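Worksheet: the structure to be examined is printed underneath.
Here, each number is a calculation from the coordinates, and none is a lab measurement. This structure is a prediction, so every number in the text was calculated from the model and none was measured. All Cβ positions, glycine included, derive from the backbone under ideal geometry; neighbour counts span all protein chains shown.
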Amino acid sequence: MKIPYYVVHSFTNRIFSGNPAGVCPLEVWLPDEAMQQIALENNLAETAFFCREGSGLRLRWFAPKAEVDLCGHATLAAAFVLYECLGNKEPSITFETRSGPLTVVREGDRLAMDFPILSMKPVSVFSELIAGLGITPERTFESMDLVAVFADETQVASLRPDLDVLRKIPGRGVLATAPGKTDDYVLRCFGPKVGIPEDPATGSAQSMLAPYWSRRLGKTSLRVRQLSSRGGEMFCSVRDNRVTIAGQAALYLNGKISI
């Protein structure tokens, strides 16, 4: 079987930066085990698979070690492939996912994703997190990921985490965030539990972070930078119980997988 395969670099306007995502358009669903093996073999933060179901599209995301409930950069990549490679002409695309319907709209040279807001519960800073990050955060929150808030961008940039320790912390991964110097806020994302030591650019994190920084900074439109080695740039807006996460993408690879 030959499966179309694309690699798209998300949250950037050029290749070799942003977050690489694999995208596999399917005519029929593969067995879950096969999709997981493909994601492991691709060894990217996520591989997205989408397939038409009735009049709609279902989208699933696989990290190298597990299927995940929500992924921003691979959603952006899947929409990019539909628009730029497969000839979609509709003004918006709606994917059915494990996190409900997610709509992507063209906004000039950006694609804007409509994502749910994920609530965060304040928790005490605990010793394992301090040991894993090497610096004590100002405050911490529990959500899909554990969120560690720091005083300034320099602290987040300087983190040298112990991934073996972070792997034992509850949640999908650990987010480190702080006010930015030139951006509204910055972040880094560590996900060793799902096979991602450090995620280059994490769209789903904004479902947690954008509402928090919106309240703290008193603004609804936010510019975001991820301080990974590849870097990533996002533009978020918060309204009601939804957050819009916008960014650009660039095509790196177009080929086929043989299984």
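Please go through the range 1-56 and give me each residue that is in contact (Cβ under 8 Å) with a residue 40 or more places away in the chain, over 25 Å from ALA205 (Cβ atoms), in a strand (DSSP E or B) and not charged (D, E, K, R), ordered by number.
ILE3, PRO4, TYR5, PRO25, GLY56
Considering only residues that are surrounded by fewer than 19 Cβ atoms within 10 Å (Cβ to Cβ), closer than 25 Å to ALA78 by Cα and β-branched (Val, Ile, Thr), which ones fall in the range 158-196?
VAL194
Assuming ILE169 fulfils every condition listed in (1) under 24 Å from ASN43 (Cβ atoms); (2) not in a loop (DSSP other than H, G, I, E, B) apart from one, which condition is it?
(2)
Looking at VAL105, VAL125, VAL149, which one is more than 16 Å from the chain's Cα centre (by Cα) and within 18 Å of ALA201 (Cα to Cα)? Write out each step before concluding.
Values: VAL105 fails: within 18 Å of ALA201 (Cα to Cα); VAL125 fails: within 18 Å of ALA201 (Cα to Cα).
From the options VAL105, VAL125, VAL149, the qualifying one is VAL149.
For the range 33-89, which residues satisfy the criterion of being more than 16 Å from the chain's Cα centre (by Cα) and among the small types (Gly, Ala, Ser)?
ALA34, GLY54, SER55, GLY56, GLY87
From the list ILE117, ILE130, ILE135, pick out the single residue that is of a type in the set (A, V, I, L, M) and out of contact with any Pro (no Cβ under 9 Å at 6 or more places or on another chain). Can you show your working first?
Details: ILE117 fails: out of contact with any Pro (no Cβ under 9 Å at 6 or more places or on another chain); ILE130 fails: out of contact with any Pro (no Cβ under 9 Å at 6 or more places or on another chain).
Exactly one of ILE117, ILE130, ILE135 is of a type in the set (A, V, I, L, M) and out of contact with any Pro (no Cβ under 9 Å at 6 or more places or on another chain), namely ILE135.
If ASP183 satisfies every condition in (1) touching a residue at least 40 places away in the same chain (Cβ under 8 Å); (2) more than 14 Å from TRP213 (Cβ to Cβ); (3) assigned to a loop (DSSP other than H, G, I, E, B) but one, which is the exception?
Among (1) touching a residue at least 40 places away in the same chain (Cβ under 8 Å); (2) more than 14 Å from TRP213 (Cβ to Cβ); (3) assigned to a loop (DSSP other than H, G, I, E, B), ASP183 violates only (2).
For the range 197-241, enumerate the residues that are of a type in the set (Val, Ile, Thr) and either in contact with a Gly (Cβ under 7 Å, 6 or more places away or on another chain) or surrounded by fewer than 20 Cβ atoms within 10 Å (Cβ to Cβ) (or both). Even if it seems obvious, please write down each step before you answer.
We begin by selecting, within the range 197-241, every residue of a type in the set (Val, Ile, Thr); these are 202, 220, 224, 238.
Correct list: THR202, THR220.
Please work out if ARG139 is out of contact with any Phe, Trp or Tyr (no Cβ under 8 Å at 6 or more places or on another chain) and without any contact (Cβ under 8 Å) to a residue 40 or more places away in the chain.
On the way: out of contact with any Phe, Trp or Tyr (no Cβ under 8 Å at 6 or more places or on another chain): yes; without any contact (Cβ under 8 Å) to a residue 40 or more places away in the chain: yes.
The answer is yes for ARG139.
Confirm whether GLU90 is within 22 Å of ARG172 (Cα to Cα) and either without any contact (Cβ under 8 Å) to a residue 40 or more places away in the chain or among the charged types (D, E, K, R) (or both). Lay out the reasoning, then the answer.
Working: within 22 Å of ARG172 (Cα to Cα): no; either without any contact (Cβ under 8 Å) to a residue 40 or more places away in the chain or among the charged types (D, E, K, R) (or both): yes.
The answer is no for GLU90.
Looking only at residues in the range 38-87 that are surrounded by 15 or more Cβ atoms within 10 Å (Cβ to Cβ) and among the polar types (S, T, N, Q), which one is nearest to ASP199 (Cα to Cα)?
If we take residues in the range 38-87 being surrounded by 15 or more Cβ atoms within 10 Å (Cβ to Cβ) and among the polar types (S, T, N, Q), then THR47 is nearest to ASP199 (Cα to Cα).
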